[in-house]
Amino acid sequence: MSIKISERAIFNSDGIREVVISFTEHYLDISSGGTDAEASGSITFSSDSLCDLIEILQQFDREREQ
């Protein structure tokens with residue numbers, strides 16, 4: 001049997017899901033949400049753009065630490 005993780009969630013200190021990342025072989029979907037429907041949203045990336053997305057997120061993380 002082969003088991004793969006296809007979704008990860010980030011929870012805030014109150015245990016509310018803030019970000020959910022879902023992925024398959026063909027796409028990556030980043031959703032924000034929680035209990036406030038007005039603040040929820042979703043972005044989907046194709047597998048072709050994942051390298052660019054990772055580079056952008058790493059740059060954002062480096063800038064945030066400065």
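Quick note: the coordinates plus some simple rules give every number you see, no bench work behind them. Because the structure is predicted, anything quoted here is derived from the model rather than measured.
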Review point. Whose amide H sits under 5 Å from the amide H of GLU18, counting only residues 5 or more places off or on another chain, with H placed in the peptide plane?
Key: ILE10, PHE11, ASN12
Check your understanding: What is the extension gain from ILE16 to SER2, computed as 0.36 nm multiplied by their sequence separation minus the C-alpha to C-alpha distance, in nm to one decimal?
Key -> 2.1 nm
Check your understanding: For the chain, what is the convex hull volume of its Cα atoms per residue in Å³?
Key -> 139
Exercise for review: Sum -39500 (n - 2.57) across every DSSP H segment of at least 4 residues in the chain, then divide by the residue count to get the 222 nm mean residue ellipticity, nearest 500.
Suggested key: -8000 deg cm²/dmol
